[in-house]
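Worksheet: the structure to be examined is printed underneath.
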Amino acid sequence: MRIAGRVVGQDRSEDRSIAVYNPFTEAVIGRVPKATLEEVREAFATAHAYQPQLSRYERAAVLNKAAAIVTQRREAIAQLISAESGLCIKDALYETGRVSDVLVFGANEVLKDDGQVFSCDLTPHGKKRKVFTQRAPLLGVITAITPFNHPMNQVAHKVVPSIATNNRMVLKPSEKVPFSAILFADILYEAGLPPEALSVITGDPREIADELITNPHVDLVTFTGGVAIGKYIASKAGYRRMVLELGGNDPIIVMEDADLDEASTLAVQGSYKNSGQRCTAVKRMLVHSAVADAFVEQVVAKTRAWKFGNPADASNDMGTVIDEAAARFFESRVNEAVAQGAHLLVGNARQGALYSPTVLDHVHPDMLVVKEETFGPVSPIIRFNSIDEAIAISNGTAYGLSSSVCTNRMDYITRFVNALHVGSVNVREVPGYRLELTPFGGIKDSGLGYKEGVQEAIKSFTNVKTFSLPWQ
Ligand code: NAD
């Protein structure tokens, strides 16, 4: 791990380190230390004692240089992402492009000053003054905790806005994929980031999570991961700012006028890319019964054509899921739905952590495979008869992250945009469509409504100060 840029814990015993496995070969690809509480406290104390003073020009230069390094080394970075996560090389290469986008957008945003000016002679009792706003970094340190599903991009979405705003961050990546996070930090140090601005702590959350949330130097906890842990953090954090990006259960809704070739392509891509492990993956396919049979036929054909297997094989469209336990879990969820009357049309084959793309038809909204988040390459199809029913089913889970709507009818589109309880509606696109710059995040159990995306994260990582001046 890295404490203010220093390499720490290379020589820990097996007992005080965590093995990281390649989910496909099951080989140990390396070990990371289990940080002690003293080490976590040291990371916060060092960060707190330091206040970055980089000019906007200097921050943009660090971020642009890091983007250039990521682009130049994309093959090697993709191989590391793939080795520790089981994501196929295609997905991992795509992720390197997203990381580079986050860095470039961060660099561009730094160059803008979003300060506001208010004239004060707006009312009869107004004065000849002006009120100005400016953003300042937080007084304390930011804790960032990230999930396994995009090993480097999830990290980039926390670290880049922190650098852009001259904050200090202590990052704890997922213990399943820590090496991509450590590599990202090393790239930033190489690009000129003052090392005190970023530490990467690895370890067992049962030992260190509470310290990461409640250390007195922590001003803000930014967390991406599952609902249960997000709510645990909310219960612990007390009087601190929190950005929680939690699970999703996103539908693709296919209306009777949809182009079924386009809709089925979006449905399978949304369901299987990144091995189905995206918070915004398609987790439910809601189809109008008038076109359901034709849609299902195309989804099945495209699922059969989705090439999966060895993640290192560049011709594969999908690698493994994160580990065998996850694959077994999907298998059991699908078996349970079949026992309750769903029809298995293709898939549900498992070998270790390799789980085949799976289509389930005639799924009922109450089955756990769609009521809860199934974070893998499973396509459960639910049929409906009217837009009211589609909206009710879509809104009928605890989640509210994103959605996809396939129709060309403006009356349907406006109705969905207004009525779906989600953070995003993408018309004729996958639910996961976004720019790394645009506001992103969910409501209900998917998040408290604070958004990510480089621009919004910059807002939540800063304090707005106003100052006013006499103005003749
Ligand atoms: P997870 O919740 O199991 O773990 C996330 C992180 O929390 C890891 O770093 C883990 O070590 C840490 N953690 C574990 N126990 C903790 C504790 N008690 N206190 C604090 N941190 C603790 O999630 P995961 O399995 O890595 O990722 C999958 C989940 O993440 C899915 O639910 C997915 O939808 C969600 N996700 C959400 C978004 C979003 O932007 N909304 C994006 C990606 C993933």
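The values are calculated or read from the model by the stated rules, or taken from the named source; none is laboratory data. Quantities reported herein were computed from a predicted structural model and do not represent experimental measurements. Methodologically, a virtual Cβ is constructed for each residue, glycine included, from the backbone with ideal geometry; neighbour enumeration extends over all protein chains shown. Side chains included, ligands, DNA and RNA excluded: accessible areas come from the protein's heavy atoms. Shrake-Rupley method; radii C 1.70, N 1.55, O 1.52, S 1.80 Å.
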inquiry  = One residue is enough: does the range 229-246 have a residue meeting the conditions within 20 Å of residue 367 (Cβ to Cβ) and modelled with pLDDT of 95 or more?
reply    = no
Of the conditions (1) more than 8 Å from the ligand (Cβ to nearest atom); (2) part of a loop (DSSP other than H, G, I, E, B), the single one that residue 161 does not satisfy is (2)
Residue 42 meets each of (1) over 28 Å from residue 83 (Cα atoms); (2) open to solvent by less than 20 Å² (accessible area, probe 1.4 Å) with one exception, condition (2)
Scanning the range 425-446 residue by residue, the ones that are in contact with a Phe, Trp or Tyr (Cβ under 9 Å, 6 or more places away or on another chain), within 11 Å of the ligand (Cβ to nearest atom) and more than 21 Å from residue 234 (Cα to Cα) total 1
Of the residues in the range 351-368, those that are free of Cβ contacts under 8 Å to residues at least 24 places away in the same chain and more than 22 Å from residue 287 (Cα to Cα) come to 351
Going through (1) open to solvent by less than 30 Å² (accessible area, probe 1.4 Å); (2) under 23 Å from residue 241 (Cβ atoms); (3) touching a Lys or Arg at 6+ places or on another chain (Cβ under 9 Å); (4) not assigned by the TED database to the domain that holds residue 279 one by one, residue 432 fails only at (2)
In the range 406-461, residues that are in a loop (DSSP other than H, G, I, E, B), of a type in the set (D, E, K, R) and touching a strand residue (DSSP E or B) at 6+ places or on another chain (Cβ under 7 Å) total 4
In the range 166-190, anything away from the ligand (no atom under 13 Å from the Cβ) and either among the basic types (Lys, Arg) or open to solvent by 10 Å² or more (accessible area, probe 1.4 Å) (or both) is listed as 166, 168, 179, 182, 183, 186, 189, 190
Exercise. Any residue at all in the range 107-114 that is within 16 Å of the ligand (Cβ to nearest atom) and modelled with pLDDT of 95 or more?
Worked result: no
For strands (runs of 3 or more DSSP E) lying entirely in the range 301-403, having 2 or more residues that are assigned by the TED database to the domain that holds residue 290 and open to solvent by 60 Å² or more (accessible area, probe 1.4 Å) picks out 343-346
The lone condition residue 89 fails out of (1) over 24 Å from residue 375 (Cβ atoms); (2) touching a Pro at 6+ places or on another chain (Cβ under 9 Å); (3) surrounded by fewer than 22 Cβ atoms within 10 Å (Cβ to Cβ) is (1)
Looking across the range 200-242 at residues that are among the polar types (S, T, N, Q) and surrounded by fewer than 22 Cβ atoms within 10 Å (Cβ to Cβ), the single one that is nearest to the chain's Cα centre (by Cα) is 235
Note on the range 115-145: residues open to solvent by 10 Å² or more (accessible area, probe 1.4 Å) and within 16 Å of the ligand (Cβ to nearest atom) are 145
